[in-house]
Amino acid sequence: MTTESSTTYSIVVPSSSSSMTTLTTTSTSSSTTTPSTNISINSNGSNNNVIHSKSLSINRHFNQSSPSPSNNESTIMNKSGNNNNQGAWITSISASMANQYNNQQQPSNNHNHKNNNNQQQQQQLANHLRSHLSSTTATTNSGPPPSSTLSQAGPCPEKDNNHGYLSNSLAFSELMAQTLTSSFWNFRSRFERLLLLIVFIVCILCIVLLVLMVLLLINQPYFRGGNSLPNHNIPARFDIHGINSNDMITTGWNQLSSSLPSSYPNPQIIPGYHYYYAANNGLNNPLSYSNLSAATTTEQQHLNNQFPTKFYQNFIPTPMGPIFSALQHVRSQQHQQQQQSNHYQTATQTTNHHQSFQDPKSVCLRPGCVKAASEILNLIDETINPCDDFYRFACGGWIHRTAIPDEAGHISIFEQSRERLDIQLKDLIETSNNTTPAIETMKNMYRSCMNLSAIEKLGITSLRNALDELGGWPVVEGANWNETSFDWINVTKKIRQIGFKPEMFVTFKVIADVMNNTRNMIFVDEATLGLRRQLITQGPNHTTVRVYHQLMVDTAMLFGAENRTQVELEMWDTIALESQIAHATHDPMQGEKKQSWYLYLKAFADVANQSEVLATNQSRLGHDWIRFVNAAIDLPNNDGGSDLKFTEKELVMVDNIRYMGQIDYLISFVNKHDKRLLANYMLWRVVLQNLGTGSKVMRDMRDNLNKHLYGITEKMARWKLCLSQLTGSLAMALSSHYIKHHFNETSRDKAKEMVRFIQQEFEDILHHTEWMDGETKKNAYKKSHAMKAIVGYPAELANDTLVEQHYKDLQLTPDNFELNIRRVRIWAHRNEFKKLRQRNDPHNWKYFSNAANVNAFYWSQANSIVIPAGILRDIFYDHDRPQYLNFGTIGYVIGHEITHGFDNIGAQFDEIGNARNWWKNETKKHYNEKAQCMVKQYREYSLPRKLQINGDLTLKENIADNGAIKEAYQAYEKYVSKFGEELLLPGLRYTSRQLFWIAAAMNWCSKSSPEMFKTRLDTDSHSPSEARVNVAFSNYQPFADTFGCRIGTKSNANHKCLVW
């Protein structure tokens, strides 16, 4: 689909005066989902319309005053064919222009007298021109007229003292006539005159082009000074690692150095080149070029001595270096003066940390520093007072410039980083040749997904055959469907065996026993739903429910149903059944508490019957639950049996006993009274699993539902969809391939050191916590000290033999995507449940093998944090930039995961990962009081459209956020006390502590469609991004002190809610 879009890049640079000039550059392009760019720059400058106005004046003069040849002259010109009278005609124009100029330049007090003199001069000049024109038209090829014919043009007017221009109109016209007519008369052949005319036109064009270039350069913000550097983003197209899009190449050294004092060392020592750093292309590899050959040996040696080789190899050279350098030098003093007078106004009112300019000795010039400075300039919005809304201050520029992808409904810093990682993975899959059998299996999955022709050829045939194998979809079969042969438990077993997920009533998983993490057990969870709880329970008049119903009807008709009216009725009944299942599930929006129970299967029905909601004499499934569990978890073997058998003595953990009681009754009732309805729902859920990966018509129907659910208007790029198929069961193979080709081991070592700093800081916070009793605090110390960190990846992931062994039973083909999906499901299900009878190792490396992932985790049953390789890169971590940025970004993430070990869920597990109460009652009471303060604080945070944060749903994440920022900041202070203060970033007027907070906030920059925002608010355990920043930061006094925010402002809460 071809779309036209624009993104505005707006940088406000207040001048020392009250007026401001706005320079707006607009670039709009039509291409496939490629945004164009509007760059709006407000800066101090002069009137740019002067030249344009003069040009219009001259054009009007040509139209109104230029003499045209008489009829005789015109006839002679047309017949002669050599345009010999052009010189006279141009002379007339020149004279007329000169007279017009003279009229405009005369002093007003002598206006009448001068006009008379001008009229006499014009009359005298006209007589000479008529004489000259007569002689030239009467004589062909007789040579140019003598110069003396213009020597009697009259006295020379005075020089204009006001403007300093040479205003001698007669001399000007005489010179023009003599030069131009000579040129045309000397070259007598038509070819020579034509050649001369072409050369003349080219020269004029060159002059015009040069003037335009100069005008463009002198109006660039590089040379305007201002309170802060503008955000220069130069659109460019190039193909790097398979990318062909409008990447924003951010200006590097020259942009940033323009904000520094003129005494700063200037790296522009290669004549003819200006360097732009490719800061935002998201790639680690330097861009190659060959222009360095322009440097002389001496200059090259000077560059090598002044900067490392990697520094200038990461820059893209462009001509104009000398011009930029010269203009920059001219404006350097003015720029410094503006820097001193244009401090960030709000910050100067509240803090004295800002500096008017940067000391050259205190600024970091490494490539990582230049890149980071450029990224921050892109992110922040300095028109926002950080004390009023720090999230908008830190992310406002990014929000303004970033468009929500049509195929997503949501975009964030995390998503952008993930997409850049995905590009690397795509390139790795499509181009790398050094593979193993496991890597080849992974690639076959990707290839089969990309093979659209094979998918279209297969159509719905394979899925239709699967439905027939399950007994047929009643709504499609119509009156031919056999109700007597339907057994919902047998259908459940077949669904599992042919590679689908029978999760329409209950979900089964294998987990470590929460009381003893060395033992595995079955975890019984609620069903997954076709439409999320908050929507499916709204009833048939809700727009999304009606779209969902339309999808069901259209799908049934596609698969062969004949009577649409009957299909519509049956699908409404199916929605009603799903709505009843949804009502039975846990509703986090109502603050319901789950009751998790350990049960033997024998006691399952008995316990369910004791539930207050089931105090009825209606029939129950009873011991059919044992048969159902065996069917749903079936692991068939070669003998026709199953490798797993479950009896009434099987111990299971039921996550929500209330739900199980209700679903027990619901299935029993429907199975007894309307098997057709039960079968319609079960087979609809089988079809729904495959709509998004089937033929084009199936994908289009599913995309229409996604549009209503998430505001998604465009389809995801096919390669992204195919890559997502590898991030589940095939993630180990993908990650193993990634770390061998892209991961930086230096980043891993530095990040491990940072983890130690932050863990030590958390223990220091524990030491100073006054509301904990001694014994509870001792247990907390023990847990913190025992917490393990998997940074980057587990060592076993680099062992090809171990990875091969993991995938030895999985065989995939490159030409059958649907079959591959089913094979992976069967293989993954068997892999999971065969652990059930094995001793569990909570630190098994396979649990931590998803390294190609832009995220981080805490696993309570192993008391371990996981910082994958995928997040130790890009905007989150760079060992080449100052640590205050790294502590603000990845340090915040590390602290967040550490604190999860002590949130309202993690605090229930001990140091080895077992659920155990290690809290004294009084201390637990204090903890809950602090947690409830936070629940209330987030619930009262103001959101658009009067929406409200669910403080209970988001509590554990909010506790982690508030603890993380405190730990990361104080850990950085310890780092500084050990290693000393760090260099600042070029072009930014913020201290290292202020940059820490900016970096911490930019972690959460995000933007969502209204539909997606509401969906995430209802279902996500994380608070909206602005609350994650504004609320958490306002609870920590050192943040307010850093920016000088008064108590009671949005960034300095009156009543602070902190657990840790």
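The values are calculated or read from the model by the stated rules, or taken from the named source; none is laboratory data. Because the structure is predicted, anything quoted here is derived from the model rather than measured. Don't worry about glycine lacking a Cβ; one is built from the backbone with ideal geometry, like all the others, and counts go over all protein chains shown.
Does E503 fit the bill of being modelled with pLDDT under 95, within 30 Å of N831 (Cβ to Cβ) and in a loop (DSSP other than H, G, I, E, B)? Taking the combined requirement at face value, the residue satisfies it.
Only residues that are of a type in the set (D, E, K, R) and either closer than 25 Å to F1039 by Cβ or buried (at least 18 other Cβ atoms within 10 Å of the Cβ) (or both): list them for the range 380-414, please. Within the range 380-414, D381, E382, D388, D389, R392, R401, D406 qualify. When we screen L577, L599, L558 for residues that are under 39 Å from the mean Cα position of the chain (by Cα) and either surrounded by 15 or more Cβ atoms within 10 Å (Cβ to Cβ) or modelled with pLDDT of 90 or more (or both), the only hit is L558. The condition (being buried (at least 16 other Cβ atoms within 10 Å of the Cβ) and modelled with pLDDT under 90) is satisfied by just one residue among L551, L535: L535.
Selection of first residues in the range 523-548 that are in the same structural domain as S579 (by TED's automatic domain parsing) and of second residues that are of a type in the set (G, A, S) and assigned to a loop (DSSP other than H, G, I, E, B), restricted to Cβ pairs under 9 Å at least 6 apart or on distinct chains, gives the following pairs, ordered by first then second residue: I536/G530; V545/G539; Y548/G530. Apart from one condition, T954 fits all of (1) under 30 Å from G368 (Cβ atoms); (2) surrounded by 21 or more Cβ atoms within 10 Å (Cβ to Cβ); the exception is (1).
Put simply, of K783, K750 the only residue that is closer than 19 Å to K930 by Cβ and not hydrophobic (A, V, I, L, M, F, W, C) is K783.
Considering the range 1014-1060, the residues that are more than 21 Å from Q932 (Cα to Cα) and free of Cβ contacts under 8 Å to residues at least 12 places away in the same chain include one that is surrounded by the fewest Cβ atoms within 10 Å (Cβ to Cβ), namely I1047. Only helices (runs of 4 or more DSSP H) whose full extent lies in the range 695-744 are considered here, and the ones with at least 3 residues that are under 28 Å from V803 (Cβ atoms) and either touching a Leu at 6+ places or on another chain (Cβ under 6 Å) or of a type in the set (G, A, S) (or both) are 731-741.
For every residue, the table says whether it meets (1) at pLDDT 85 or above; (2) under 25 Å from A828 (Cβ atoms); (3) crowded, with 20+ Cβ neighbours inside 10 Å.
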position: L614; (1), (2), (3): no, no, no
position: H623; (1), (2), (3): no, no, no
position: I633; (1), (2), (3): yes, yes, yes
position: P636; (1), (2), (3): no, yes, no
position: D639; (1), (2), (3): no, yes, no
position: S642; (1), (2), (3): no, yes, no
position: H673; (1), (2), (3): yes, no, no
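Within the bounds of the range 814-829, is there any residue that is more than 34 Å from the chain's Cα centre (by Cα) and either among the hydroxyl-bearing types (S, T, Y) or assigned to a strand (DSSP E or B) (or both)? Checked against the condition, which is being more than 34 Å from the chain's Cα centre (by Cα) and either among the hydroxyl-bearing types (S, T, Y) or assigned to a strand (DSSP E or B) (or both), the range 814-829 yields no hits at all.
Take S695 and tell me if it is closer than 19 Å to S448 by Cα, surrounded by 18 or more Cβ atoms within 10 Å (Cβ to Cβ) and touching a Gly at 6+ places or on another chain (Cβ under 6 Å). When the stated conditions are applied, S695 passes them. The requirement of being at pLDDT 95 or above and either touching a Cys at 6+ places or on another chain (Cβ under 9 Å) or of a type in the set (K, R) (or both) is not satisfied by K834. If the condition is being crowded, with 20+ Cβ neighbours inside 10 Å and over 20 Å from E775 (Cβ atoms), then the range 894-928 contributes I894, G895, H896, E897, I898, T899, H900, D903, G913. Before we move on, is F486 in contact (Cβ under 8 Å) with a residue 24 or more places away in the chain, aromatic (F, W, Y) and farther than 16 Å from L688 by Cα? Here the answer is yes, as F486 does meet what is asked. All conditions but one from (1) in contact with a helix residue (DSSP H, G or I) (Cβ under 6 Å, 6 or more places away or on another chain); (2) farther than 19 Å from Q908 by Cα; (3) in a helix (DSSP H, G or I); (4) of a type in the set (A, V, I, L, M, F, W, C) apply to A789; the one that does not is (3). In the range 644-656, of all residues being among the aliphatic types (A, V, I, L, M) and out of contact with any helix residue (DSSP H, G or I) (no Cβ under 7 Å at 6 or more places or on another chain), the one that is modelled with the lowest pLDDT corresponds to L651. Candidates in the range 736-762 are the residues that are of a type in the set (S, T, N, Q) and at pLDDT 90 or above; of these, the one that is surrounded by the most Cβ atoms within 10 Å (Cβ to Cβ) is S736.
Screening the range 929-951 for residues that are within 20 Å of K777 (Cβ to Cβ) and touching a residue at least 24 places away in the same chain (Cβ under 8 Å) and picking the one that is surrounded by the fewest Cβ atoms within 10 Å (Cβ to Cβ) gives K930.
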